[in-house]
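First up is the structure itself, then whatever we jot down about it.
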Amino acid sequence: MPSIFLRAVLALTGFIAFVHTARADMAVSATSPQSTYVAGRTNTFALDLKLTSAAWENVDNIRFATPAGVAISAIRHIDGFHTCPDGIRLVLGMGTPSGGWVHPGHPSGCGYFGGAPYGEPQAVQVDLDIPAAYAGSLPLTIYADGDTCCGDAPHDGNVTLTFAPDPTIVAGAPRAAVGPDTLAVAMKREATQNAALGIVNVGGGTLGYAVAFADGQAADCATPANLPWLRATRTSGALAAGQSADAGLVVDTHGQAAGTYTALVCVATNDASASMRFVRVTADVSADACDADDRVFADGFDGIAAACGEARGVYANRDAFVASVAPGYSEERYTGLRTGYLYGPVEFGNDDWRYRVYSHDGAVGGLYLFPGAGVMSTAAAFDHLTITFTGAPVTALGGNFYGTLFHTNTSTTMHVVPTTRVVLTLDDGTVETFTASARDAFRGIVATKPIRTLTIATPDEDVDGNIAWGVADNLIVGRRR
């Protein structure tokens, strides 16, 4: 049987291709539309593979390896021929720098990826968690392990893609994360309520910031206003790389009439990518006067809402949210669980922050971990994820929430993230609705009143009748600072 050589593929505009030549029956080539990475976050790389075998040898496993410190957090088979039912196929070794084995053959024994003389195409996505301190080129090696049925040895091949640091991110330049994006306060008259205004330097150098206020109808702070009911405890400052500060918003209803008050908080920084960040504040003031100021500042641990007011901030930026959460929180990435059905409720968390995940009452199915997705979801797309917090009182929770079409009615493509409406509902009836179109869509909630349950739903159908599965990933549970 003649040997197969993996030939050089020239790089096209916007694409990268790398050459691996091995004298074997099995060979693998790969291209990616990406050529760069961003340190300090999860990067999703789309890979177009070709499995080449002159003897039509099959591939039992596709696996990956990354440099030390870079972990694989998800591997998704997007499209391509295989003979293994999707619910049986295994993805192992996530959360490690060497693993991510996609097993249609061994050990489940249910099938294989095909190899062909023309190069059998397979589309894969790999999520890599790249630490902020990582520098230089980033190699990702893909291995294809043949089933040794036929052809010449060796029966495996590999190829390495190398990604460069994103040149648009200037090393050492300050970058700001500010939150919350919105703050809602409900209070009695003659009371005060504190709320966080987190500012973080997620870049380098020194981040300078200044806080100003405008009327709630304003688009910016070109015309600043002195608001008698709202102030900041810190109006300016400087932060070194990695440092954070709480500018401390104070809502004060002393001398204010009952009604709804709105404001725009403007945080100006020397972040060249976005020099101005905004926070929308709404305060609903009731007609009742507070006669228990000493109870206003409920810390969230007594399980009783403050007698004279409560506040809830909503964050779209993970870094700003984390800066508002006290140390010791629980974070779950859902990478260590076996693919398949989970009969809930399933417990997660650490010693302090415990919670249970299950599908909503009356759901058709239970929970399901789709192969390699690294996310928690339900077995049926129209069911809802429900989380009940069973440990210490939770006053801060956040994560990536979005919709995924693990399968569709009209295509063989899997793990598609459509633009869809996500509805988060808390036990007190509070609803946070937003549109998500990517896996990094984030929402965090920091409250003065403990949160007991969270429901995640993606209720809308697309034009083809598909309903996206609502998923949760990288869930952070703890208490506010």
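The values are calculated or read from the model by the stated rules, or taken from the named source; none is laboratory data. Model, not experiment: these values are computed from the prediction. Every residue, glycine among them, receives a Cβ derived from its backbone with ideal geometry; neighbour counts consider all protein chains shown.
Tabulated values for the structure
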item: Condition check for residue 397: closer than 22 Å to residue 436 by Cβ and modelled with pLDDT of 85 or more; result: yes
item: Residue within region 135-144 that is within 30 Å of residue 445 (Cβ to Cβ) and surrounded by fewer than 23 Cβ atoms within 10 Å (Cβ to Cβ) present; result: no
item: Any hit, region 403-425, residues being under 30 Å from residue 481 (Cβ atoms) and in a loop (DSSP other than H, G, I, E, B); result: no
item: Only listed residue being without any contact (Cβ under 8 Å) to a residue 60 or more places away in the chain and out of contact with any helix residue (DSSP H, G or I) (no Cβ under 6 Å at 6 or more places or on another chain), chosen from 218, 173; result: 218
item: Test set (1) more than 22 Å from residue 313 (Cα to Cα); (2) hydroxyl-bearing (Ser, Thr, Tyr); (3) in contact with a helix residue (DSSP H, G or I) (Cβ under 7 Å, 6 or more places away or on another chain) - residue 223 fails condition number; result: (3)
item: Hits in region 211-222 (condition: within 28 Å of residue 173 (Cα to Cα) and surrounded by 14 or more Cβ atoms within 10 Å (Cβ to Cβ)); result: 211, 212, 213, 221
item: Region 109-128: number of residues that are surrounded by 21 or more Cβ atoms within 10 Å (Cβ to Cβ) and in contact with a Ser or Thr (Cβ under 7 Å, 6 or more places away or on another chain); result: 4
item: Selection status of residue 68, surrounded by fewer than 20 Cβ atoms within 10 Å (Cβ to Cβ), over 22 Å from the mean Cα position of the chain (by Cα) and at pLDDT 80 or above; result: yes
item: Hits in region 128-155 (condition: at pLDDT below 90 and not hydrophobic (A, V, I, L, M, F, W, C)); result: 145, 146, 147, 148, 151, 152, 154, 155
item: Qualifying residue in region 417-428 (condition: farther than 27 Å from residue 312 by Cβ and not assigned by TED's automatic domain parsing to the domain that holds residue 82); result: yes
item: Residues satisfying the stated conditions in region 223-254, i.e. assigned to a loop (DSSP other than H, G, I, E, B) and either crowded, with 17+ Cβ neighbours inside 10 Å or touching a Pro at 6+ places or on another chain (Cβ under 7 Å) (or both); result: 227, 229, 247, 253
item: Hits in region 280-311 (condition: within 30 Å of residue 436 (Cα to Cα) and at pLDDT 95 or above); result: 280, 281, 282, 283, 284
item: Failed condition for residue 438, given (1) under 30 Å from residue 125 (Cα atoms); (2) hydrophobic (A, V, I, L, M, F, W, C); (3) over 14 Å from the mean Cα position of the chain (by Cα); (4) surrounded by fewer than 16 Cβ atoms within 10 Å (Cβ to Cβ); result: (3)
item: Among (1) buried (at least 18 other Cβ atoms within 10 Å of the Cβ); (2) in contact with a Gly (Cβ under 6 Å, 6 or more places away or on another chain); (3) in a strand (DSSP E or B); (4) modelled with pLDDT of 85 or more, the one test that residue 158 misses; result: (2)
item: Qualifying positions in region 407-430 - buried (at least 16 other Cβ atoms within 10 Å of the Cβ) and under 17 Å from the mean Cα position of the chain (by Cα); result: 415, 416, 417, 418, 420, 422, 423, 424
item: Which numbered condition residue 433 misses (of (1) surrounded by fewer than 22 Cβ atoms within 10 Å (Cβ to Cβ); (2) over 27 Å from residue 329 (Cβ atoms)); result: (2)
item: Pairs where the first residue, in region 455-479, is over 26 Å from residue 321 (Cα atoms) and the second is at pLDDT 90 or above and in a loop (DSSP other than H, G, I, E, B), C-beta under 6 Å, 6+ apart; result: 468/418; 468/458
item: Residue within region 431-451 that is over 23 Å from residue 75 (Cα atoms) and outside any strand (DSSP E or B) present; result: no
item: Subset of region 194-206 that is farther than 23 Å from residue 283 by Cβ and under 25 Å from the mean Cα position of the chain (by Cα) - its residue that is surrounded by the fewest Cβ atoms within 10 Å (Cβ to Cβ); result: 204
item: Of all residues in region 109-127 being aromatic (Phe, Trp, Tyr) and not in a strand (DSSP E or B), the one that is modelled with the highest pLDDT; result: 118
item: Residue in region 400-407 that is within 30 Å of residue 47 (Cα to Cα) and at pLDDT below 80 present; result: yes
item: Qualifying positions in region 31-80 - among the hydrophobic types (A, V, I, L, M, F, W, C) and without any contact (Cβ under 8 Å) to a residue 40 or more places away in the chain; result: 68
